[in-house]
1. Just to be sure before I move on: is Val132 touching a Gly at 6+ places or on another chain (Cβ under 8 Å), assigned by TED's automatic domain parsing to the domain that holds Asn93 and surrounded by fewer than 24 Cβ atoms within 10 Å (Cβ to Cβ) in the structure I sent?
2. Listed residues Ala148, Ala131; which is of a type in the set (A, V, I, L, M) and not in a helix (DSSP H, G or I)?
3. Could you identify the single residue in Ala388, Ala364 that is more than 17 Å from Gln274 (Cβ to Cβ), surrounded by fewer than 19 Cβ atoms within 10 Å (Cβ to Cβ) and of a type in the set (A, V, I, L, M, F, W, C)?
4. Checking the condition loosely packed, with under 15 Cβ neighbours inside 10 Å and more than 25 Å from Ser255 (Cα to Cα), which residue from Arg100, Arg156 passes?
5. Taking segment 127-139 on its own, how many of its residues are modelled with pLDDT under 85 and closer than 17 Å to Ala84 by Cα?
6. Could you tell me which of the residues Leu389, Leu379, Leu350, Leu368 is at positive phi, touching a residue at least 40 places away in the same chain (Cβ under 8 Å) and either under 20 Å from the mean Cα position of the chain (by Cα) or not in a helix (DSSP H, G or I) (or both)?
7. Ala114 - would you say it is part of a helix (DSSP H, G or I), outside the structural domain of Arg352 (by TED's automatic domain parsing) and under 20 Å from Pro167 (Cα atoms)?
8. Please work out if Asp234 is in a loop (DSSP other than H, G, I, E, B), at pLDDT 75 or above and farther than 30 Å from Ala131 by Cβ.
Amino acid sequence: MATAKQLLIAGLTVAGCLLNGMSAGAQQLLPLPVQSSCQYTGARFPRDLYRLKSDSIGALCAKIAEVTHTALRFEVVASNVESAAAVLDSSGNRWLLYSRRHFMNHPDPAYRVAVLAHEIGHHANEHTLDAVSREAEEVESDEFMGFALYRMGIGRNEVAGLATRYPMSAVSDTGERQASILRGFERGEASVLVAPHAAFNDNGGGNALPGIPEFPFPPPQASATYLLDDYFSDCHTLAAVDKRLNTALKANGYSERRYFFVKGGFALVTRLEQINEQGYPLGDNRWNSRPVREETFSWMSYLNALLTSRPGYFRVFAFVVTDEPFDMRRERQISRAEAESWLSEGCFKLPREIGQMAVNANTAVAALVYEFQVPESTLRPTLSQPSALSGETHLRNAKITPALRQ
């Protein structure tokens, strides 16, 4: 007869076998060659990844993608990450990994949508997830988060202070994060107030695609223009035009861009930037909304600042891609505030239905430059009509056209 000790050992052995069997059935190794990643919380990314049984979080990811018109070009997998993570592997494939345990401990619907939307935003905007681009990409993903929160029916009261209540490990400035989230939320509000063009149908059935507002068309009079057709002569779809244009813009620091619908195509606008008189971006003060003198300190420059007044120069690029002939409305002049608002009203991604449109003999790619001068004395911006620089010079000194040739 077995002793009590032998029975205990046998019982522990059987229990261990059962547990190991359960573990093997519940998870399997996920051979994922991670190239870069963004994890919402947690300083360390797991060295060994496992695929776990999926649950309702996967369906929530699909819903967020649906309401934000994001193509599911990434795989959603329950895994052993701390919270949720956007991952780019060495083959260029995209993944969204999430922890079932983490979301079980956070039943707040606003939190769940916020974290998942932030990581989906990295994929929606095709981020590289590397350290060099981290700051700009996190801002863009937070804006996407705000947009998703609105589209998912989360109220403004729940969104207020969300960055402080639920900070992320990669970014410590919760004030800046909250401002980005609110920009996206307000863009969501604007998207239902501005109806898309009735001629743009999702499937030919007469249902206009929601969520992408129209760009003023014909466009308001610009400060300078330049036709870029020669740079896109080998492109066969509008998606190919968009990809080349985006590659050139991202390479030169234009990380915040927004899309609008125009008949027969789309418009892509950049964030307002500060430039010098020659049209070069103003270094560290490029994104400063107040005029800044680009001078090294000296007593002479100090006296000049006291005795003279120079305007600050700002610009917004609008790239209009369409097969509809147009001339700009000379009687329609936009304000700097209106040009700045484009960034909060436009769409993050070019809808697939527009990208699939074919480039034809009439398709043009026109760069419109809206330049504003802001005197130091009054700080009242005025549209330069015309700019002292040609459109070609603006694009060359912004390094956009050289990048389009690469």
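1. Values: touching a Gly at 6+ places or on another chain (Cβ under 8 Å): no; assigned by TED's automatic domain parsing to the domain that holds Asn93: yes; surrounded by fewer than 24 Cβ atoms within 10 Å (Cβ to Cβ): yes.
For Val132, the condition - touching a Gly at 6+ places or on another chain (Cβ under 8 Å), assigned by TED's automatic domain parsing to the domain that holds Asn93 and surrounded by fewer than 24 Cβ atoms within 10 Å (Cβ to Cβ) - is not met.
2. On the way: Ala148 fails: not in a helix (DSSP H, G or I).
Unique residue meeting the criteria: Ala131.
3. Details: Ala388 fails: more than 17 Å from Gln274 (Cβ to Cβ).
It is Ala364.
4. Details: Arg100 fails: loosely packed, with under 15 Cβ neighbours inside 10 Å.
When all the criteria are applied, what remains is Arg156.
5. Qualifying residue count, segment 127-139: 1.
6. Working: Leu389 fails: at positive phi; Leu350 fails: at positive phi; Leu368 fails: at positive phi.
Matching residue, one of Leu389, Leu379, Leu350, Leu368: Leu379.
7. On the way: part of a helix (DSSP H, G or I): yes; outside the structural domain of Arg352 (by TED's automatic domain parsing): yes; under 20 Å from Pro167 (Cα atoms): yes.
So Ala114 passes the test.
8. Numbers: in a loop (DSSP other than H, G, I, E, B): yes; at pLDDT 75 or above: yes; farther than 30 Å from Ala131 by Cβ: yes.
Yes.
The values are calculated or read from the model by the stated rules, or taken from the named source; none is laboratory data. Worth saying up front: this structure is predicted, and the values here are computed from it rather than measured. In this analysis, Cβ positions are derived from the backbone assuming ideal geometry, glycine residues included, and neighbour counts consider all displayed protein chains.
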